[in-house]
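The values are calculated or read from the model by the stated rules, or taken from the named source; none is laboratory data. The shown structure was predicted, so the numbers you read here are calculated from the model rather than taken from an experiment. Cβ atoms come from the backbone with ideal geometry, glycine included; neighbour counts cover every protein chain shown.
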Amino acid sequence: MDQSTTWVSCSFFLSSILVLVQFSRVSANAEGDALNALKSNLADPNNVLQSWDPTLVNPCTWFHVTCNNENSVTRVDLGNANLSGTLSPQLGLLPNLQYLELYSNNIAGRIPSELGSLTSLVSLDLYLNRLIGPIPDTLGNLQKLRFFDLSTNHLTGRIPVNGSFQLFTPISFANNNLEELPVSPPPPLPPSSQSSFRVANSATGAIAGGVAAGAALLFAGPAIALAWFRRRKPEDHFFDVPAEEDPEVHLGQLKRFSLRELQVASDDFSNKNILGKGGFGKVYKGRLADGSLVAVKRLKEERTQGGELQFQTEVEMISMAVHRNLLRLRGFCMTPTERLLVYPYMANGSVASCLRERPETQSPLDWPKRKRIALGSARGLAYLHDHCDPKIIHRDVKAANILLDEDFEAVVGDFGLAKLMDYKDTHVTTAVRGTIGHIAPEYLSTGKSSEKTDVFGYGVMLLELITGQRAFDLARLANDDDVMLLDWVRGLLKEKKLETLVDADLQGNYVDNEVEQLIQVALLCTQSSPLERPKMSEVVRMLEGDGLAERWEEWQKEEMFRQEFNHMRHPNTDWIINDSTSNIRADELSGPR
């Protein structure tokens, strides 16, 4: 092959590569362009969209945006953000979008017909805006939709009856200027939609199969009455369901309890039934009418208009996280003045209470139980990070939030509550929640949480499990202001002084090698750089005996290199900790408990 032929071939190859690179960049930027078009159409007085930088290749690092593993946008959460302006038709260019949450804003103009292209959409919430014009027929194409609310806008015209519109009750369209829905009931729900928090639809589903039209109208009556109630009194977006009138009201797999039921169960929220209290409110022990024991979390929060819908949506998301090492949400109660969550009662309390608040008659947690707790809680967190869509970041992993069932199996509690309590906050991702001693340094300094902030909290929880001490109190054990707590732990591990670290309640009944391994996992999880911390799925594998030795050896080499490098750059520097949080009470930053 002569030189000219070779040159032509190389030029063609390089041109092809350049075209592919440009095409890839355009594809990667397409979703960012769509969201920037939305930003351009909106007025944002609170700078909620400040992180939406058009120069970035993709929007997955922006606040209020969630992506999947392929860096494709799956959720846009801008509810209650004081936004105004109009919706961009380019929103229809987000092929994998599942949740579009724009409730409780001042967005005006028409609903773009292009939203009908979002065939992956599961939730479309435009409640309480200033939208005008007709409802596009194209929204009937959204076959996966199971949460849909256009209520309290200024929409006009007829309510479409095609496609997915048939799955929703008049409630979804209430408080507009729309023509009334026909009185005939919608067709039954498909099986995949029966858990969509639509009580009226559950009734119509039971009608299918040849029930007479008169009976169908009878079943449809409650939905029509409910729609009339909401039109008459829009400020009460939801109302309490009296237990004696309908004791088995279920929304999906959850039961919606009446306030009266939970008052009776907890002896009117008596102080003698308090199981615990913290940043989210108080938890009460209760006994339901069927005799079952429950834990009722009575949330403390300020009420905001429109918050009910978001509360209900987030409760549904929490309830979908089902794993043996996650605390199952049994039901909830929502009235104009109360928000309560109902969980199964955990007979053995929390890891924190077993470590530090147990009565003298109760035996301390033995070493085999502590190992099981470490593994079980890791599995629960790994499920939240890797198997929930959207992923759930706990934001306050600690011994007080790891509960123990009757078999001392670890159950992670309070997950999802940080997001649930932030629905009224327009700066959700910058609200630092957590407990001093457990908060990852990058979260405390930037307010941005991730899976790796949970990994850090888990590592500190392991140290609690090993030592029996609160994280905040561990620093006092070091008794040396010139040494970081984690460096102190590492030093004791290196010198094989395990007896200084291990909980005295164990009375020496532990396996040295297993304690060393658990400390190694804790130190790997609490590295200062989030990028160097393992994922929770990797932690699970290490606790199961796969890869810990290799990971630990690699980290040791890197640490040795770092120390030598820092010493060469700063040979005369005294490394003294200036702990700006030393005078802060341990619970001042506490959120979920």
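Taken over region 318-337, the criterion of being in contact with a helix residue (DSSP H, G or I) (Cβ under 8 Å, 6 or more places away or on another chain) and not in a loop (DSSP other than H, G, I, E, B) is satisfied by Ile318, Leu326, Phe332, Cys333, Met334.
Across region 499-551, the qualifying residues are those that are β-branched (Val, Ile, Thr) and buried (at least 19 other Cβ atoms within 10 Å of the Cβ), and the one among them that is farthest from Gly380 (Cα to Cα) is Val502. The set of residues in region 77-89 being at pLDDT below 90 and touching a Leu at 6+ places or on another chain (Cβ under 8 Å) consists of Leu78, Gly79. Residues that are under 25 Å from Asp389 (Cβ atoms) and in a strand (DSSP E or B) within region 119-171 comprise Ser123, Leu124, Asp125, Phe147, Phe148, Asp149, listed in sequence order. Among the helices (runs of 4 or more DSSP H) confined to region 395-472, the ones with at least 1 residues that are hydrophobic (A, V, I, L, M, F, W, C) and modelled with pLDDT of 90 or more are located at 451-467. Inside region 39-71, residues that are buried (at least 19 other Cβ atoms within 10 Å of the Cβ), in a loop (DSSP other than H, G, I, E, B) and touching a residue at least 40 places away in the same chain (Cβ under 8 Å) make up a count of 2. In region 502-559, of all residues being of a type in the set (S, T, N, Q), under 31 Å from the mean Cα position of the chain (by Cα) and closer than 28 Å to Glu357 by Cβ, the one that is modelled with the lowest pLDDT corresponds to Thr526.
A count restricted to region 73-121 and to residues that are within 25 Å of the chain's Cα centre (by Cα) and among the β-branched types (Val, Ile, Thr) stands at 4.
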